[in-house]
Amino acid sequence: MATRILVTGAGGLLGRAVVRALGRRAAVLALGGRHARPGMMTGDLTDPAFCSVLALETWDAVVHCAAHRSPDYCESHHEAADHLNTAVPIALARMARQRGARMIHVSTDYVFDGTCPPYRETDPCRPVNYYGISKRRAEEGIEAVDPEAVIMRIGALFAVPEPGVPAPLLEEAIMNALSRVPVEVDHYVRRYPLLTEDVAEVVAFLFACDRARGIVHVGSAQGVTRYEWTRRIACLLGRDPEHIRPSAQGLPLPAVRPPDVGLSTALLKGWGGPIPRDVKVTLPEIVARCGQTIAAIEKKLSEVESA
């Protein structure tokens, strides 16, 4: 394990879990952006002047979590996606290589077109939206700059919501589950939601694993559509899910979504790494810990109904 690990995007959903997991094993230099907590270093990774400052900091490993993760945002903001999702990770890889630091870069299952799951690390990449394109270009650049870097492809993330940190996959489903208003939810795209705490433990393992290098898939075996996900949450909350209706054709969005990007975790398993748990295990656990979020959403819905 490294002695001081730089974690970018440390204020985000995954970044916070990574900081907690690595902080039990090493010193962490937490770099936050919009959602930075007090005590975190802050700065704009797309600003060369800030990157020059970052290069003077002491760190011997880096986990790069920062990214524009909204496919719809990236679809209409190509330049922003090019800067943060592509140029920044390549620059960090170069910086890490120059100082002999290990790098773990967080990539995405959206580098695939979703037609032939489960995907192995060696399968051809065919992204169908600009988010996936920008992330795949980063992978290629990192591989060219630092062949020893680890590129960790992951799926959709969820966690117990924290103040100021969006957890849309979970919060939107809770909102729809608690509402009495009929809602149509996507029943076409299949994702494999991962608990951020499980992914953070994989990150810690990868730092300790001498065999870890190149691309590795981190996923779970059980996929769900948004419709199935939302109905599961409604049932866990003790609500009748009949107002939640499926949209079999997918909902119109700016960015196309690949239909099924399930990942094979055979390589990670072969390294002896921890495989993230399925949603049938993690979702009940997390919903049970969402008391404050549930209460806040119920209050909001009640105010809307009485308005």
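Any read-out appearing in this document is the output of simple, stated calculations on the displayed coordinates, not a laboratory observation. Note that the coordinates shown come from a computational prediction; the quantities given were computed from them, not determined experimentally. So basically every Cβ, Gly included, is an ideal-geometry build from the backbone, and we count neighbours across all protein chains shown.
Tabulated data for the structure shown
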read-out: Lysines whose Cα lies under 29 Å from that of LYS300, excluding same-chain neighbours fewer than 8 positions away; value: LYS280
read-out: Pair ASP240, ASP210: separation of 7 Å Cα→Cβ label points (nm); value: 6.2 nm
read-out: In the range 125-217, chymotrypsin sites (Phe, Trp or Tyr not before Pro) in a DSSP loop with at most 16 other beta-carbon atoms within 10 Å; value: TYR188
read-out: Calculated P(r) of the chain - Cα pairs past 34 Å, %; value: 21 percent
read-out: Listed peptides 212-224, 20-32, 45-57 by packing density, highest first (mean Cβ within 10 Å); value: 212-224, 20-32, 45-57
read-out: Estimated FRET transfer efficiency (GLU143, GLU184; beta-carbon r; R0 41 Å; 0.05); value: 0.50
read-out: Calculated Rg and Dmax of the range 161-307 using C-alpha coordinates, Å; value: 17.4, 60
read-out: Separation of the GLU285 and ARG97 label points, Cα + 7 Å toward Cβ, nm; value: 3.8 nm
read-out: Length released on extending from ARG24 to ARG126, taking residue separation times 0.36 nm less the Cα-Cα span; value: 32.9 nm
